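Q: Take a look at this one; I'll ask things after.
The values are calculated or read from the model by the stated rules, or taken from the named source; none is laboratory data. What you are looking at is a predicted structure, and each value in this text was computed from that prediction instead of being measured. Virtual Cβ from ideal backbone geometry, glycine too; neighbours counted across all protein chains shown.
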Amino acid sequence: MPQIPSQDQRRELTLDDLNKAIKNSGLKIDLAVVAQAYELAALAHRGQLRSSGEPFLQHPLWTALTLVEMKLDQPTIVAGLLHDVPEDTTYNLVEIEKRFGTEVGQLVTGITKLRKLHYQGVERYAENLRKMFISMATDVRVVLIKMADRLHNLKTIGSLPPEKQQRIALEVLDIYAPIANRLGMGQLKGELEDLAFPLAYPEDWKWFRQKILPQYQVKVEEVNAVIKEIRKILTNNKVKVLDIHGRAKHHYSLYRKLLQPQYGKNLNLIYDLVAIRVIVSNADECYQAMGAIHTRFTPLPGRIKDYIAQPKPNHYQSLHTTVFADGGKIIEVQLRDSRMHQQAEYGIAAHWQYKELGKHFFARLKKLPGFHAHGYIVPRKLKWIEELATWQQEVSDTRQFLRRLKIDAFRDRIFVFTPTGDVIDLPDEATPIDYAYYIHTDIGNTCAGVKINGKMEALDTKLKNGDVVEIITDKSRKFPNRDWLRFAKTAQARSKIRSTLRRQRPA
Ligand code: MN
């Protein structure tokens, strides 16, 4: 399984290392273009050192390597090499665009625009988030480069003054990690958080390291015996195991969980502390493997979660079960196929390698009555991000912005379908009115009724994952109903309803 490796920052990375990684990744990338970008970066950063004392060029190289490991495309990797060039060097964006084309130019411009702000309290936080969302709405790859950039910065942060380290670490926990999570990039999110945790909360880290980590290590070792047993069970049942490994919970997410009142800082109450992850060939084998495991280890009631049939809003898919292992141990087992694993670790970044992901995902939903999918195109621009970006320009009040943003961006989303099978991504608890305004303002304004899965329903019905939604319009209707504001959830629908009603008022 590809993993973002724990990069050894003491080692000097070379262009050769990068080329090797590209070859191993199977990506179709022109090494001559990569070499040109490397040369320009080397020239531009010649003589520059980072605060750690290493040559500056190491930084874009590590950034590019991370992007290769995330299996992104050529323009992204080239832009990763060049991402710091326009700043403090004699080479500018015009030059980059001339040599590497507009796509690379635009990615580098996007990164440059994101760079200027630093985290300083709530105002700056909001400002940073706004910038991130605008960039993502333009091209989500900008934010992926920014994540790779920040990952290397965090790993090489040691020589900065502690306050500065803390500021950067807090920014990672408050902004970067939640966005990585929202984009489904579980591996990156965990890595960013674990690097930031000791720097952001040094006192709590000390407690965690001294009191929690030793017990945690014991649990990790216990799991290895169970892994052996599960492998044997599956082989006996003729399920081909592609990979089986223990997945220890990331430090920061464990720390956050321990702080929740129901756990009372007691490690023994956390069942998914160490999970066993089994990778098999396909979804059917996931169910088959679970059945085989249950004949040997009793499952805990109510702990089977089928995220294959019902994926999480960020597209996460797996089959989870929690079993009683020998000696009263309680262990979670996660079963998935390679594609689900790729999606779980890399999220949106996985889309660049698995273009058929959507097709596969929606093939399951297609089984719903009355549902006809026409496939699914993985967008570079994500509609929900675009919506946020447009909307945030209309809002001047920072606190209001943050409140709505948290609601819109970081809470769960549902996926519903148009009658022709297009996928629409809405916040949890969205109603047909939100859907209507999402499709088009006119559809919203002339909305007279709704059919959900072929049945007439009320306009304040809460939509569910997989619903097929058809809006009935009445062309004679000119204006929305003020009552809709009582249940419309999205910022977009609410602002459209308000602005249309305002125009309705006689002069
Ligand atoms: Mn950088």
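Q: In the list LEU254, LEU269, which residue meets the criterion of being among the aliphatic types (A, V, I, L, M) and surrounded by fewer than 15 Cβ atoms within 10 Å (Cβ to Cβ)?
A: Details: LEU254 fails: surrounded by fewer than 15 Cβ atoms within 10 Å (Cβ to Cβ).
One residue alone meets the criteria, LEU269.
Q: Moving to a separate point now. If we scan region 57-69, do we find a residue that is over 30 Å from GLN343 (Cβ atoms) and buried (at least 18 other Cβ atoms within 10 Å of the Cβ)?
A: Quick first cut of region 57-69, residues over 30 Å from GLN343 (Cβ atoms) only: 57-58.
Filter once more, so that each one left must be buried (at least 18 other Cβ atoms within 10 Å of the Cβ): 57-58.
Yes, some residue in region 57-69 is over 30 Å from GLN343 (Cβ atoms) and buried (at least 18 other Cβ atoms within 10 Å of the Cβ).
Q: Another question, then. Considering only region 433-507, give the strands (runs of 3 or more DSSP E) lying wholly within it that have at least 2 residues that are among the hydrophobic types (A, V, I, L, M, F, W, C).
A: Details: elements: 447-452, 455-457, 469-473.
Those strands (runs of 3 or more DSSP E) span 447-452, 469-473.
Q: Kindly list, by first and then second residue, each pair from a residue in region 150-161 that is assigned by TED's automatic domain parsing to the domain that holds PRO178 and touching a residue at least 24 places away in the same chain (Cβ under 8 Å) to a residue that is outside any helix (DSSP H, G or I) and within 11 Å of the ligand (Cβ to nearest atom), limited to pairs with Cβ atoms under 8 Å and residues at least 6 apart or on different chains.
A: What qualifies is THR156/ARG50.
Q: Something else about it: Among the numbered conditions (1) part of a helix (DSSP H, G or I); (2) in contact (Cβ under 8 Å) with a residue 40 or more places away in the chain; (3) closer than 29 Å to ALA148 by Cβ, tell me where LYS257 comes up short.
A: The number of the failed condition is (2).
Q: State all residues of region 83-102 that are under 17 Å from VAL33 (Cβ atoms) and either within 16 Å of the ligand (Cβ to nearest atom) or buried (at least 20 other Cβ atoms within 10 Å of the Cβ) (or both); if no residue qualifies, say none. Steps first, answer last, please.
A: Keep residues of region 83-102 that are under 17 Å from VAL33 (Cβ atoms), which gives 83, 85, 91, 95-102.
Residues satisfying the conditions are HIS83, VAL85, TYR91, ILE96, PHE100.
Q: Could you check how many residues of region 53-103 are in contact with a Gly (Cβ under 7 Å, 6 or more places away or on another chain) and touching a residue at least 12 places away in the same chain (Cβ under 8 Å)? Give the steps one after another, and end with the answer.
A: Within region 53-103, the subset in contact with a Gly (Cβ under 7 Å, 6 or more places away or on another chain) is 60, 63-64, 67, 93, 96-97.
Narrowing further to those that are touching a residue at least 12 places away in the same chain (Cβ under 8 Å): 60, 63-64, 67, 93, 96.
Counting residues in region 53-103 that are in contact with a Gly (Cβ under 7 Å, 6 or more places away or on another chain) and touching a residue at least 12 places away in the same chain (Cβ under 8 Å) gives 6.
Q: How many of the residues making up region 291-301 are touching a Ser or Thr at 6+ places or on another chain (Cβ under 8 Å) and crowded, with 20+ Cβ neighbours inside 10 Å?
A: Within region 291-301, the first condition is being touching a Ser or Thr at 6+ places or on another chain (Cβ under 8 Å), and the residues that meet it are 293-294, 299-300.
So of that shortlist, the ones also crowded, with 20+ Cβ neighbours inside 10 Å come out as 293.
Number of matching residues: 1.
Q: Check GLY105, GLY80, GLY110 and return the single one that is within 16 Å of the ligand (Cβ to nearest atom), modelled with pLDDT under 95 and closer than 19 Å to LEU144 by Cα.
A: Working: GLY105 fails: within 16 Å of the ligand (Cβ to nearest atom); GLY80 fails: modelled with pLDDT under 95.
Of the residues listed, the single one that is within 16 Å of the ligand (Cβ to nearest atom), modelled with pLDDT under 95 and closer than 19 Å to LEU144 by Cα is GLY110.
Q: Scan region 226-254 for residues that are closer than 25 Å to LYS265 by Cα and either touching a Gly at 6+ places or on another chain (Cβ under 6 Å) or not hydrophobic (A, V, I, L, M, F, W, C) (or both) and jot them down. Talk me through it step by step, then tell me what you get.
A: Applying the first criterion (closer than 25 Å to LYS265 by Cα) to region 226-254 yields 246-254.
Within region 226-254, GLY246, ARG247, LYS249, HIS250, HIS251, TYR252, SER253 qualify.
Q: Among the numbered conditions (1) modelled with pLDDT of 85 or more; (2) farther than 26 Å from ILE212 by Cβ, tell me where GLN260 comes up short.
A: Only one criterion is unmet by GLN260, namely (2).
Q: Now for a different question. Hey, can you tell me all the residues within region 149-172 that are surrounded by 20 or more Cβ atoms within 10 Å (Cβ to Cβ) and more than 16 Å from the ligand (Cβ to nearest atom)?
A: Listed by number, the list holds a single entry, ALA169.
Q: Taking helices (runs of 4 or more DSSP H) that fall entirely within region 166-252, which contain at least 1 residues that are touching a residue at least 60 places away in the same chain (Cβ under 8 Å)?
A: Details: elements: 177-182, 186-200, 202-207, 213-236.
Once the helices (runs of 4 or more DSSP H) in region 166-252 are filtered for at least 1 residues that are touching a residue at least 60 places away in the same chain (Cβ under 8 Å), what remains is 177-182, 186-200, 213-236.
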